[in-house]
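Novice: Once you've had a glance at the structure underneath, I'll fire off some questions.
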Amino acid sequence: MASSDDNRRKSFARRSRYKELLELCSRIETTTENQTPIQTLTNVTDVVKCTDEIHTEGQCQERVENSCEVVMDAQIIKGAHEIVGSVVQKMGNTEIADDEFVAAINRTIGPSKDWNKLFEKLALGMSKTIVHSQSLFGTFDVETVLPQKEVKERRKRTPIKNSQQMKPIAVVQERKRKEEQEATTVNVIGNQIIQLYETNNNEPLKYYKLIIDPSNFMRTIQNAFQVSFLLRDGLVAIGGDADGYPTVRPVSESDRKKDAQNGSYQMICNLSTTLCDEMIKRYNITEPMITCTPDSDE
């Protein structure tokens with residue numbers, strides 16, 4: 001348990017650093033107009049280096065259990081790529097500006113104005129010749145010309161007018177049926193939570209004990225997904241027990257009106273098989289509390 005808590009703390013620290021880098025990318029993007037391309041590219045390079053350092057800290061298994069870190073890492077790389085693309089587009093060509101060329105020469109020769117360093121660098125670049133191989137014409141009859149194959153022109157497809165407006169009626173009906181069935185499932189689970197709450201002497205229910213199906217991890221994910229809709233609509237509330245673990249309780253009509261005035265809330269929960277196994281042992285879960293299940297075709 002201690003090792004798992006330590007991993008959560010490390011993951012939270014990495015996510016905080018990722019968040020800072022995302023904000024830094026946004027600031028770099030807004031200041032590209034006021035900075036030179038070299039300054040912008042230098043800032044982007046620093047961001048990518050920091051991202052690489054964070055990426056090397058966590059192990060592969062930790063990234064699997066904390067997928068949000070992978071998403072944030074990809075967002076930073078995507079943002080850096082877009083900034084570099086905008087800088088290249090802003091420059092308009094690949095020509096080197098005079099001030100940048102002079103600055104590069106000064107960095108090479110240094111304060112001592114040692115021009116030999118520049119000559120050595122130029123000579124090193126010119127010495128890298130392209131490796132090539134000689135054609136083996138001796139083994140072939142160069143006078144023999146192979147006949148060219150006739151390339152048939154592909155027949156152009158006639159575009160269908162208003163193709164975007166053509167939608168099978170069956171697809172629309174099936175989507176509508178699934179949405180109605182999903183809403184029915186959420187309502188049934190909400191009624192079950194009320195019954196379980198009353199059976200538990202009106203005490204809040206343990207969140208993980210409520211959603212976990214010990215024999216079906218995908219059903220656990222589905223239960224968490226359905227409870228999130230109830231939380232979004234203000235039908236249930238999330239609290240915490242003495243140990244800091246989340247609890248669930250139904251919300252009355254009067255409390256729901258107060259919550260509507262205070263605004264909405266969100267809760268992020270990283271579900272993994274490891275976490276589920278820990279909660280199964282903690283609460284001694286042998287069977288699911290939520291018995292409402294979607295149809296098998298879902």
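The values are calculated or read from the model by the stated rules, or taken from the named source; none is laboratory data. Remember, it's a predicted structure, so these values are computed and weren't measured experimentally. As a convention, Cβ positions derive from the backbone with ideal geometry for all residues, glycine included, and neighbour counts pool all protein chains shown. Side chains included, ligands, DNA and RNA excluded: accessible areas come from the protein's heavy atoms. Shrake-Rupley method; radii C 1.70, N 1.55, O 1.52, S 1.80 Å.
Novice: Out of everything in the stretch 268-298 that is surrounded by 10 or more Cβ atoms within 10 Å (Cβ to Cβ) and at pLDDT below 70, what residue ends up being farthest from SER228 (Cα to Cα)?
Specialist: Taking the candidates together, the pick is GLU298.
Novice: Related question: Which residues, counting only those in the stretch 204-251, are touching a residue at least 12 places away in the same chain (Cβ under 8 Å) and of a type in the set (Asp, Glu)?
Specialist: ASP213, ASP241
Novice: Another question about this same structure. Need pairs with beta-carbon distance below 9 Å; first residue within 16 Å of THR42 (Cβ to Cβ) and open to solvent by less than 100 Å² (accessible area, probe 1.4 Å) and within the stretch 94-115, second modelled with pLDDT of 80 or more and outside any helix (DSSP H, G or I); sequence gap 6+ or separate chains.
Specialist: Matching pairs, first to second residue: ALA97/THR36; GLU100/THR36.
Novice: Inspect all residues belonging to the stretch 2-12 and state whether any of them is modelled with pLDDT under 80 and either touching a His at 6+ places or on another chain (Cβ under 6 Å) or over 18 Å from CYS68 (Cα atoms) (or both).
Specialist: Among the residues of the stretch 2-12, at least one is modelled with pLDDT under 80 and either touching a His at 6+ places or on another chain (Cβ under 6 Å) or over 18 Å from CYS68 (Cα atoms) (or both), which makes the answer yes.
Novice: Going by the conditions given, is VAL251 at pLDDT 80 or above, closer than 26 Å to ARG15 by Cα and of a type in the set (Val, Ile, Thr)?
Specialist: For VAL251, the condition - at pLDDT 80 or above, closer than 26 Å to ARG15 by Cα and of a type in the set (Val, Ile, Thr) - is not met.
Novice: Right, something else. For LYS90, state whether it is modelled with pLDDT of 80 or more and in a helix (DSSP H, G or I).
Specialist: Against the criterion (modelled with pLDDT of 80 or more and in a helix (DSSP H, G or I)), LYS90 does not qualify.
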